[in-house]
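Asker: Before we start, here is the structure in question, set down as structure tokens.
The values are calculated or read from the model by the stated rules, or taken from the named source; none is laboratory data. Values in this document were obtained by computation on a predicted structure and should not be read as measured data. Because the Cβ atoms are built from the backbone with ideal geometry, glycine has one as well, and the counts that use them run over all protein chains shown.
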Amino acid sequence: MAAQGKKVIKTNKIKSKTTTTTSTNKEGTTVTYKDTYEEFDKNGNTVVKIDYAKDGSIKKKESYKYDTFNNMIEQTDFDKKRGTTETTTYKYNAQGDKISETVTNGDGKILKKETFTYDAKRLKTEQQEFDENNKLKTLKKFIYSTL
């Protein structure tokens, strides 16, 4: 979607996009296969993205949910090769700044959590990363200087 911005997708009322790849294999035969498929909501946000293998099987499937302000609030990733599902949940403050990001596995077990703190100017001042046991793993502090 990066090449086709939300605005372009929304303006043109694009519902979905399929990308195909054509290449020549070692034997000199031209092969065309579906590479990716994306679905969009009325605001141009990606709601489903599927990556395909050359044989047409699904490699990875991602789904996304958004709030009324078009902030992504949930991303679910299914990786067929690994057989895993991970869901990332995002929370925002009243100003629309991301204040937390939590990654869980298919059983709902927390794998990682990050929290973010901002000052009155909406500048990020702190980022904390916690492990699966809610133990602080990393603390980043942001200090800004003005001109």
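Asker: So, in region 84-101, of the ones that are in contact with a Phe, Trp or Tyr (Cβ under 8 Å, 6 or more places away or on another chain) and surrounded by 14 or more Cβ atoms within 10 Å (Cβ to Cβ), which residue ends up farthest from residue 143 (Cα to Cα)?
Answerer: Within region 84-101, the match that is farthest from residue 143 (Cα to Cα) is 85.
Asker: Another question about this same structure. If I filter region 105-128 down to residues being more than 17 Å from residue 86 (Cα to Cα) and of a type in the set (D, E, K, R), which single residue comes out as surrounded by the fewest Cβ atoms within 10 Å (Cβ to Cβ)?
Answerer: My answer is 121.
Asker: Also: Would you confirm whether or not region 71-83 contains a residue that is without any contact (Cβ under 8 Å) to a residue 60 or more places away in the chain, of a type outside the set (A, V, I, L, M, F, W, C), within 22 Å of residue 110 (Cβ to Cβ) and loosely packed, with under 13 Cβ neighbours inside 10 Å?
Answerer: Yes, some residue in region 71-83 is without any contact (Cβ under 8 Å) to a residue 60 or more places away in the chain, of a type outside the set (A, V, I, L, M, F, W, C), within 22 Å of residue 110 (Cβ to Cβ) and loosely packed, with under 13 Cβ neighbours inside 10 Å.
Asker: Can you confirm whether residue 38 is over 25 Å from residue 139 (Cα atoms) and touching a residue at least 24 places away in the same chain (Cβ under 8 Å)?
Answerer: It is true that residue 38 is over 25 Å from residue 139 (Cα atoms) and touching a residue at least 24 places away in the same chain (Cβ under 8 Å).
Asker: Six or more apart or on different chains, Cβ atoms under 9 Å: show the pairs whose first residue is in region 107-122 and in the same structural domain as residue 93 (by TED's automatic domain parsing) and more than 12 Å from residue 144 (Cβ to Cβ) and whose second is surrounded by 15 or more Cβ atoms within 10 Å (Cβ to Cβ) and among the aromatic types (Phe, Trp, Tyr).
Answerer: Listed by first residue and then by second, the contacts come to 110/130; 112/130; 113/130; 114/130; 115/130.
Asker: Now, a different point. So, residue 40, is that one exposed (fewer than 10 other Cβ atoms within 10 Å of the Cβ) and not assigned by TED's automatic domain parsing to the domain that holds residue 107 or not?
Answerer: It is false that residue 40 is exposed (fewer than 10 other Cβ atoms within 10 Å of the Cβ) and not assigned by TED's automatic domain parsing to the domain that holds residue 107.
Asker: I'm told residue 9 meets every condition in (1) touching a residue at least 24 places away in the same chain (Cβ under 8 Å); (2) on the phi < 0 side of the Ramachandran plot; (3) not assigned by TED's automatic domain parsing to the domain that holds residue 127; (4) not in a helix (DSSP H, G or I) except one. Can you identify the failing condition by its number?
Answerer: Just one mismatch for residue 9, condition (4).
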